[in-house]
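For reference, the structure discussed in these notes is given below.
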Amino acid sequence: MTNWQELDSKYYMQTIVRHPVTIARGKGARVWDDAGKEYLDFVGGLAVNCLGHCHPVVVQAITEQANTLMQTSLWYYNIPMLRLAELLVKNSCLQRVFICNSGLEANEGAVKLARRYGALKLNGAYEIITTEQSFHGRSVATTAASGQKKMHTPYEPLPVGFINVANNSIDAIKGATTDKTCAVMLELVQAEGGVNMPAEGFLKAVRAWCDEKGILLILDEVQTGIGRLGTLFGYQQFGIEPDIMTLAKGLGGGVPIGALLAKEKAAVFTLGDHNSTFGGNALTSATAFATLKYVIEHDVAGNARRTGEYLMKGLTVLKHKYPFVTDVRGLGLLVAMEFNADIAQDIVADCISQGMLVNRLKPNAIRFIPPLIIGEREVDEALDILDHSLATVAKKSVK
Ligand SMILES: Cc1ncc(COP(=O)(O)O)c(C=O)c1O
C-alpha cells in the first residue's frame with residue numbers, strides 16, 4: 001500500500017503538522033482512512049461540510065453541472081451564479097452579492113469595498129478596526145486584519161490601515177475611531193481565535209457606534225454563516241444587521257466558494273473595480289445553490305441549534321466530571337472545551353485512536369465543528385469517546 005504520509009513529507013510544503021490519518025472517503029458524518037478504519041467526523045472539513053460528506057444533493061448538483069458547464073469567466077452571465085446571488089439576497093438583509101472562491105477572498109473583497117466606500121463617501125477614510133484574536137484569512141491584507149501577533153511577525157511589513165483593538169471592548173473601538181476610519185470588521189463568535197463569545201451588548205453597541213459615525217460594519221460570517229450558529233446567518237440572533245457580510249466554508253457544502261454581500265448603500269463597486277477568474281463559476285455556484293436551498297428548506301440551522309444545545313449539555317456534564325476541564329463554550333455547532341493544561345493534542349490523538357476526529361483549537365482547547373446534519377446519536381457517541389479520552393489523558397498527564 002502506498003505510504004501517503006511519506007509522500008507528504010517528500011513532496012508537499014511542510015506548513016502544517018498533520019494528524020497521522022489519511023482520509024480516503026467520507027459519507028455523512030463519517031470518514032474512512034486508507035486502511036478502512038472508520039472515524040466519526042467532528043471536524044467536518046474545518047466547518048465546511050455542513051451537510052456531511054458526499055450528501056446526495058451536493059453530489060447531484062456537482063455531477064449535473066459538471067456535465068453542463070463549469071467555467072465561463074465573469075465576462076459573461078451564467079445561470080447558477082445568478083440563482084445563488086438571488087437566493088442569498090432573498091434570505092438575508094443584504095442586497096448585492098459578489099461570488100468568490102474562499103473566505104479570505106471574500107474578506108479581501110470586503111476590505112476593498114470598505115476602502116472604496118471610504119474614498120467615495122468618507123473623505124478618503126481607509127482604516128478598518130478589527131479585534132484581537134480575530135481571524136480573517138491568510139492573504140497579506142487579511143493577515144493584517146487578523147488580530148493575532150504571531151500571524152503578523154513572519155510577514156512584516158504588513159499593509160497599513162488595520163487597527164487591532166481589544167476584543168469585546170466598545171471603548172477600545174470608540175478610542176480607535178478617527179476621521180480615517182471607514183469600517184469595523186468583526187466575527188460574531190471568534191472561531192479560530194478560541195471560540196470567543198461576544199460580551200453581552202457588545203455587538204449592538206458596535207452597530208450603534210458605526211451608525212453614529214457613519215462607518216460600515218463588516219461581519220465576517222465565513223465560519224458562523226450557513227447555519228453553524230443555529231440560524232441561517234449568525235447576525236439574525238444578535239439583533240443587528242451588517243452593512244457588509246462575508247461567507248465561505250459551509251456555503252458550498254464541500255466545494256471551495258466564498259461570497260461578499262453588501263447593503264445597497266455600501267455596494268459602491270463600479271465597473272472595473274473588482275473581478276475574479278474563478279469567482280462565480282458555474283460549477284461551485286450550482287453546488288452552493290443546491291446546498292443553500294437544502295439548508296433553508298430543511299431547517300438545517302434549527303437542527304444545528306438543537307443538536308448544539310444537546311452537545312453543550314453533554315460537554316458540561318463532562319466538565320463537572322473532570323476538574324481539569326475549565327470551560328465549555330460556544331453556540332450552535334461551534335463549540336469549544338478548554339483545559340487547565342496543554343493536553344489538547346493528547347486528547348485529539350486519543351480520540352483518533354478511538355475513531356473520532358476533533359479539532360485541536362489551542363494547546364489547551366479542542367473544538368467541535370461537525371456537519372450540521374448530525375443528531376443526538378452522533379453526539380452521544382462523541383461524548384462517550386471523549387469521556388474515555390479525558391479519563392485516559394487524565395491518568396497520564398494531569399496531576
Ligand atoms: C472567520 C473566518 N474568516 C476567514 C477565514 C479564512 O477562510 P479561508 O480559509 O477560506 O480563506 C476563516 C477560516 O478559518 C475564518 O474562520
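The values are calculated or read from the model by the stated rules, or taken from the named source; none is laboratory data. Nothing here was measured: the structure is a model prediction, and the numbers come from that model. Cβ: placed from backbone, ideal geometry, glycine included. Neighbour counts: every protein chain shown. For the accessible areas, the whole protein counts, side chains as well, though only heavy atoms, and no ligand, DNA or RNA atoms are used. Shrake-Rupley method; radii C 1.70, N 1.55, O 1.52, S 1.80 Å.
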Practice task
Select the helices (runs of 4 or more DSSP H) contained entirely in the range 1-80, then report the ones holding at least 2 residues which are open to solvent by 70 Å² or more (accessible area, probe 1.4 Å) and at pLDDT 95 or above.
Solution key: 4-11, 56-66
Problem - Qualifying positions in the range 1-24 - within 23 Å of residue 354 (Cα to Cα) and either touching a Pro at 6+ places or on another chain (Cβ under 9 Å) or of a type in the set (Asp, Glu) (or both) - result: 5
Exercise for the section: Write out, first by first residue and then by second, each pair whose Cβ atoms fall under 7 Å of each other, whose residues are 6+ apart or on separate chains, and whose first residue, in the range 123-143, is in contact (Cβ under 8 Å) with a residue 40 or more places away in the chain while the second is within 16 Å of the ligand (Cβ to nearest atom) and of a type in the set (Phe, Trp, Tyr). Expected result: 128/162; 130/162
Completion exercise
Apart from one, (1) of a type outside the set (Val, Ile, Thr); (2) open to solvent by 10 Å² or more (accessible area, probe 1.4 Å); (3) in contact (Cβ under 8 Å) with a residue 60 or more places away in the chain all hold for residue 212; the odd one out is (3)
Practice task
Report yes if residue 373 is open to solvent by less than 50 Å² (accessible area, probe 1.4 Å) and in contact (Cβ under 8 Å) with a residue 12 or more places away in the chain, otherwise no.
Solution key: no
Exercise for the section: Just need a number here: residues in the range 207-240 that are among the acidic types (Asp, Glu) and out of contact with any strand residue (DSSP E or B) (no Cβ under 8 Å at 6 or more places or on another chain). Expected result: 2
Problem - Residue list for the range 188-210, filter: within 15 Å of the ligand (Cβ to nearest atom) and on the phi > 0 side of the Ramachandran plot - result: 194, 195
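Looking at the range 64-75, is at least one residue of a type in the set (Phe, Trp, Tyr) and in contact (Cβ under 8 Å) with a residue 24 or more places away in the chain? Can you show your working first?
Filtering the range 64-75 for residues of a type in the set (Phe, Trp, Tyr) gives 75.
Subsequent filtering for residues that are in contact (Cβ under 8 Å) with a residue 24 or more places away in the chain retains none.
Among the residues of the range 64-75, not one is of a type in the set (Phe, Trp, Tyr) and in contact (Cβ under 8 Å) with a residue 24 or more places away in the chain, which makes the answer no.
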Problem - Condition met for residue 88 (within 16 Å of the ligand (Cβ to nearest atom) and either among the basic types (Lys, Arg) or open to solvent by less than 10 Å² (accessible area, probe 1.4 Å) (or both)) - result: no
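From the list 304, 288, which one is more than 30 Å from residue 392 (Cα to Cα), surrounded by 21 or more Cβ atoms within 10 Å (Cβ to Cβ) and not aromatic (Phe, Trp, Tyr)? Spell out the reasoning first.
Details: 304 fails: more than 30 Å from residue 392 (Cα to Cα).
None of the other options fit; the residue is 288.
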Practice task
Kindly indicate whether any position in the range 392-399 is of a type outside the set (S, T, N, Q), assigned to a helix (DSSP H, G or I) and open to solvent by 50 Å² or more (accessible area, probe 1.4 Å).
Solution key: yes
Exercise for the section: Could you check how many residues of the range 329-356 are touching a helix residue (DSSP H, G or I) at 6+ places or on another chain (Cβ under 8 Å) and open to solvent by 20 Å² or more (accessible area, probe 1.4 Å)? Expected result: 5
